[in-house]
Amino acid sequence: IGITKDGRWFKYDGDVAKLPEDKWVEDEKALTKAVISPDREDHGILVFNDDGIEKIHIDVVFPVLHGKNGEDGTIQGFLQVAGIPFVGCDVCASAIGMDKAVTKAVLKQHGIPVLQAKWLGFSKYEYDKSPEEHNKKAEEYLGFPIFVKPANAGSSVGVTKAVDTDSLKKAVDKAFNEDSKIVLEEGVDGMEVECAVLGNEEPIAS
């Protein structure tokens, strides 16, 4: 099942080589309108063929989706309502992990060391009331360069490195195009290290 950027769902029976660059959506002969049913009795996909609706049972879903509606708990919540098992984090963990500001707050509350980079977070509503004041606060507290990010978006979507006042204003506007809440972080020269963790009740780090 593929979901287009404008929210249409299709069962795709074409060449998988067309998936990476979204060329699958142009392969109309391989597309059939289809959705996952929220009805637990269906427990699967409803395919809208020319001669009627076909039901396809699902054992488990691999939600291979990035960004909004993919990693933020929304599709996970939908699958939970449908009673269909899925791979990956649950609704709560997905939502917390997606929101960069909430992630930092939750980790800190539980005594888990957070990246030592200083950071600020504020909503568009707060920013619009006094943009100059917020920009000045960011400059004085964080210093340049400042990385400006939407709080809820993919890891690189809407992210900008601001090096002065003018680029900071543009970066903030760009981030707010993606989300109503943003996070600003001081620049840190370092190396990124990632670690995969598997499991539920007893997670195991690689």
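Determine, yes or no, whether E192 is of a type in the set (D, E, K, R), over 16 Å from K68 (Cβ atoms) and open to solvent by 90 Å² or more (accessible area, probe 1.4 Å).
Values: of a type in the set (D, E, K, R): yes; over 16 Å from K68 (Cβ atoms): yes; open to solvent by 90 Å² or more (accessible area, probe 1.4 Å): yes.
For E192, the condition - of a type in the set (D, E, K, R), over 16 Å from K68 (Cβ atoms) and open to solvent by 90 Å² or more (accessible area, probe 1.4 Å) - is met.
Would the range 89-101 turn up any residue that is open to solvent by less than 50 Å² (accessible area, probe 1.4 Å), of a type outside the set (A, V, I, L, M) and over 18 Å from A151 (Cα atoms)?
No; the residues of the range 89-101 include none that is open to solvent by less than 50 Å² (accessible area, probe 1.4 Å), of a type outside the set (A, V, I, L, M) and over 18 Å from A151 (Cα atoms).
Within the range 21-68, how many residues turn out to be without any contact (Cβ under 8 Å) to a residue 60 or more places away in the chain and either assigned to a helix (DSSP H, G or I) or open to solvent by less than 100 Å² (accessible area, probe 1.4 Å) (or both)?
Taking the range 21-68 and keeping what is without any contact (Cβ under 8 Å) to a residue 60 or more places away in the chain, we get 21-64.
Remaining after also requiring either assigned to a helix (DSSP H, G or I) or open to solvent by less than 100 Å² (accessible area, probe 1.4 Å) (or both): 22-39, 42-49, 52, 54, 56, 58, 60-61, 63.
So the count comes out to 33.
For the range 69-85, how many residues meet the condition of being at positive phi, open to solvent by less than 70 Å² (accessible area, probe 1.4 Å) and under 12 Å from the mean Cα position of the chain (by Cα)?
Qualifying residue count, the range 69-85: 1.
Kindly indicate whether any position in the range 144-151 is over 27 Å from G70 (Cα atoms), free of Cβ contacts under 8 Å to residues at least 12 places away in the same chain and open to solvent by 30 Å² or more (accessible area, probe 1.4 Å).
Of the residues in the range 144-151, the ones over 27 Å from G70 (Cα atoms) are 144-146.
From the residues that got through so far, the ones that are free of Cβ contacts under 8 Å to residues at least 12 places away in the same chain too are none.
The answer is no, given that none of the residues of the range 144-151 is over 27 Å from G70 (Cα atoms), free of Cβ contacts under 8 Å to residues at least 12 places away in the same chain and open to solvent by 30 Å² or more (accessible area, probe 1.4 Å).
Going by what's in this entry, would I56 be described as farther than 25 Å from S156 by Cα, within 21 Å of the chain's Cα centre (by Cα) and at pLDDT 95 or above?
Working: farther than 25 Å from S156 by Cα: yes; within 21 Å of the chain's Cα centre (by Cα): no; at pLDDT 95 or above: yes.
No: the conditions fail for I56.
Taking the range 100-130, which residues are assigned to a helix (DSSP H, G or I) and aromatic (F, W, Y)? Give the steps one after another, and end with the answer.
Step one: of the range 100-130, the residues assigned to a helix (DSSP H, G or I) are 100-109, 124-129.
Of everything in the range 100-130, those that are assigned to a helix (DSSP H, G or I) and aromatic (F, W, Y) turn out to be Y125, Y127.
Only residues that are at pLDDT 95 or above, under 21 Å from K104 (Cα atoms) and open to solvent by 40 Å² or more (accessible area, probe 1.4 Å): list them for the range 152-175, please.
K161
Could you grab me the full set of residues in the range 161-185 that are under 22 Å from the mean Cα position of the chain (by Cα) and outside any loop (DSSP other than H, G, I, E, B)?
Looking only at the range 161-185, we keep the residues that are under 22 Å from the mean Cα position of the chain (by Cα), and these are 161, 171-185.
Scanning the range 161-185 gives K161, A171, V172, D173, K174, A175, F176, K181, I182, V183, L184, E185.
The values are calculated or read from the model by the stated rules, or taken from the named source; none is laboratory data. Values in this document were obtained by computation on a predicted structure and should not be read as measured data. Every residue, glycine among them, receives a Cβ derived from its backbone with ideal geometry; neighbour counts consider all protein chains shown. Heads up: the accessible areas ignore ligands, DNA and RNA and are worked out on the full protein's heavy atoms, side chains in. Shrake-Rupley method; radii C 1.70, N 1.55, O 1.52, S 1.80 Å.
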